[in-house]
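Asker: One structure, as structure tokens, below. Some questions next.
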Amino acid sequence: MSKKGMENFLDPKYLEEILASFSKATGLHIEAVNRKGETLAILGNKNRSDFCQYIRSNSKGEKRCLTSYREATVEAAKWNEPYFFRCHAGIVIWAVPIIVDNVFLGSIICGQVLLWKPDEFFLKQLKKSNPNLDFETLKEKVTSVSMSSPEQSQAAADMLFVVVNHLVKRNLHTMEEEHAYHLQRLQIKTDLENRKKKNTTEFTDYATYLKNERRFLSYIRLGDKTRAESTLKNLLTDLLTKTAGDKATIKIRVLELASLSSRAAVEGGADAEQVMVKLQDFNNEVNSIERIEEFFFKVHKIIAEFLDGIFKLADKKHLSLVNNARNFIMENYHKPLTLKATADHLFISPSHLSRLFRLELDCTFNDYLTRVRVEKAVELMKKPEFSVEQVSKAIGFKNQSYFAEVFRKYIGVTPLVYKNSLF
């Protein structure tokens, strides 16, 4: 990867924040270098020692430092662990590799310390390896190099290795989210293009949007993930079209939608405490978002989590059975459906199906069937051509009085009062 590629991968702000704190805590100098050994950034407020700056003041010294960094970076990547070395000027440095998906990007260089006080042998070697520099100045500058024990240096290197791996994982997560945002943009673009072909680029007004929103919330209450996600995709495309991409309005609508969805999820059986915690985290995240596709990605994500909370099954066999039962109910709610008919369709006993509903959905078969019928009744009563009696029959109730009793229990008012309030 090129120098530019390295810079694109490492978030400069976060890199500076984390590694500058490390430098401050340890008192060590830190540099980010690419795989050629070229310095990308000096992190924190700990500059190179006066000694190192003097060594690099000479072009030959600069070149040898670059070579040392490159060789150390390669060795660190080879073993995927901190690599200790003595540079050509005799001081101790270590390199911590940056490797992403088996791709070697560079390293974090740390150290510039001495493990012992300069002795006669050290000074002799120093003079020999730097003939173009004034030796007396070298002897003076070397006193600016920090002392560190082998144990301290190893501990610092181990700690830095952990920090760098954290940075890598964080940036991988960011890259994965960027990919998800890209897919979100493509999905919206495709949806808009399909609408143009059908000559339905815009919906008429917010009344239509709110109608679709109510349908969406009913799917959440029923734990119907497939229909909820499909409706959500259309809702967000509608929102983008209606607002002409105005971020402020989209943000308000997205926050509102998440809030309504959280309540629908709780009504559907999700744990209220967990839902509220997730909603608060979502609200905090959305406040710092700037891009529209990120708004949409985040709301998709939290609603999927809400739905998982409604219908979280560990046993795959049970998951399949209950899913099939729910789908069968959704397709046949208008018929005189019974627990036995549904169990027969799934080739299991009625008692086993009843247990599954209580265990996994925390309700009886009849409770769930009634909930589906009431949700469908709410949809149908928005159509002026349907009378309350017709709605009652359409959703599978033979007795209108019983329908009114059940509807009032779930919605809070009688079907007639509810229908009259719509028009």
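Asker: Ignoring everything but the protein chains, give the 1.4 Å probe accessible area of W116 in square angstrom, nearest 10.
Answerer: So the heavy atoms of W116 present about 110 Å² to solvent.
Asker: Output the antiparallel fraction of DSSP beta bridges having both residues in the chain, as a percent to the nearest 5. Each step should come with its number before you reach the end.
Answerer: On the way: 23 of 25 bridges.
Within the chain, antiparallel bridges account for around 90 percent of the total.
Asker: If you place +1 on the Cβ of every Lys and Arg and -1 on the Cβ of every Asp and Glu, how big does the dipole about the Cα centre of the chain come out, in debye to the nearest 20?
Answerer: Here the size comes out at about 980 debye.
Asker: Shifting gears a bit: Over the chain, with the other protein chains present, what is the accessible area per residue in square angstrom, probe 1.4 angstrom?
Answerer: On the way: 22650 Å² over 423 residues.
Per-residue accessible area for the chain comes out at 54 Å².
Asker: Right, next: What number results when the radius of gyration of the chain, computed over Cα atoms, is divided by 2.2 N^0.38 Å?
Answerer: Rounded to two decimals, the normalised Rg is 1.50.
Asker: Could you tell me the convex hull volume per residue, in Å³, taken over the Cα atoms of segment 203-302? Spell out each step's value before the answer.
Answerer: Working: hull volume 8.1 nm³, N = 100.
Hull volume normalised by residue count: 81 Å³.
Asker: Give, as a single signed number, the net charge of other residues whose beta carbon lies under 11 Å from the beta carbon of R70, with Lys and Arg counted +1 and Asp and Glu -1. Walk me through the numbers on the way to the answer.
Answerer: Working: positive: R35, K36, K63, R64; negative: E38, E71, E75.
Net charge around R70: +1.
Asker: Report the GluC sites (Glu not before Pro) located in segment 335-423 that are in a DSSP loop and have at most 13 other Cβ atoms inside 10 Å of their Cβ, or state none.
Answerer: Values: sites: E360, E375, E379, E385, E389, E405; in loops: E385.
Filter output for segment 335-423: E385.
Asker: If contacts are Cα pairs under 8 angstrom and at least 6 residues apart, what is the relative contact order of the chain in percent?
Answerer: Reported relative contact order: 9 percent.
Asker: Given H placed 1.01 Å from N in the peptide plane, which residues other than close sequence neighbours of H29 have an amide H under 5 Å from its amide H?
Answerer: G111
Asker: Nothing charged except the Cβ atoms of Lys and Arg (+1) and of Asp and Glu (-1): what's the magnitude of the dipole of segment 379-423 about its Cα centre? Round to the nearest 20 debye.
Answerer: Approximately 60 debye in magnitude.
Asker: Something else now. Within 15 Å, Cβ to Cβ, of L123, how many net charges do the neighbouring residues add up to if Lys/Arg are +1 and Asp/Glu are -1?
Answerer: Charge balance near L123 sits at +2.
Asker: Still on this structure, I have one more. Could you work out which residue, out of L255, L210, L307, moves most in a Gaussian network model of the chain, that is, has the largest mean-square fluctuation with Cα springs under 10 Å?
Answerer: Sorting by GNM fluctuation, first place goes to L210.
Asker: Between V162 and Q53, what is the label-to-label distance in nm when each label sits 7 Å out along the Cα-to-Cβ direction?
Answerer: Taking the simple label geometry, V162 and Q53 are separated by 3.3 nm.
Asker: Let me ask another. With a ≥ b ≥ c taken as the square roots of the eigenvalues of the C-alpha gyration tensor of segment 274-313, please select rounded if a/c is under 1.5 and otherwise prolate if a/b is larger than b/c or oblate if it is not?
Answerer: oblate
Asker: Which cross-chain or sequence-distant (5 or more) residues have an amide H under 5 Å from the amide H of G106, H modelled 1.01 Å from N in plane?
Answerer: Hits under the 5 Å cutoff: I98.
Asker: Shape of segment 219-277 from its Cα gyration tensor (a ≥ b ≥ c, root eigenvalues): rounded if a/c is under 1.5, otherwise prolate when a/b > b/c, or oblate?
Answerer: oblate
Asker: Assign one of three labels to segment 268-423, namely rounded, prolate or oblate, based on the Cα gyration tensor with a ≥ b ≥ c the square roots of its eigenvalues; rounded applies when a/c is under 1.5, prolate when it is not and a/b is larger than b/c, and oblate otherwise.
Answerer: oblate
Asker: Multiply the residue separation of Q280 and K128 by 0.36 nm, subtract the distance between their alpha-carbon atoms, and state the gained length in nm to one decimal.
Answerer: 48.3 nm
Asker: How far apart, in nanometres, would the label points at Y410 and S349 be if each is projected 7 angstrom from Cα along the Cα-to-Cβ direction?
Answerer: Going from the Y410 label point to the S349 one covers 3.0 nm.
Asker: Dipole of the chain (Lys/Arg Cβ +1, Asp/Glu Cβ -1, origin at the Cα centre): which of G245, P336, S230 lies farthest to the positive side?
Answerer: P336
Asker: From the residues C110, Q125, G44, which one has its Cα farthest along the dipole of segment 8-128 in the positive direction, the dipole being from +1 and -1 charges on Cβ of Lys/Arg and Asp/Glu about the Cα centre?
Answerer: Working it through, the farthest residue towards the positive pole turns out to be Q125.
Asker: Ignoring ligands, DNA and RNA, what percent of the accessible area of segment 264-409 is carbon or sulfur (1.4 Å)?
Answerer: Taking all protein chains in place, segment 264-409 shows 49 percent carbon and sulfur surface.
Asker: Quote the accessible area belonging to R35 in square angstrom, nearest 10, computed with a 1.4 Å probe and with ligands, DNA and RNA left uncounted.
Answerer: Estimated to the nearest 10 Å², R35 gives 100 Å².
The values are calculated or read from the model by the stated rules, or taken from the named source; none is laboratory data. A quick note: this is a predicted structure, and the numbers were derived from the prediction, not measured. All Cβ positions, even for glycine, are placed from backbone atoms using ideal geometry, and neighbour counts span all protein chains on display. Accessible surface areas use protein heavy atoms only, side chains included; no ligands, DNA or RNA. Shrake-Rupley method; radii C 1.70, N 1.55, O 1.52, S 1.80 Å.
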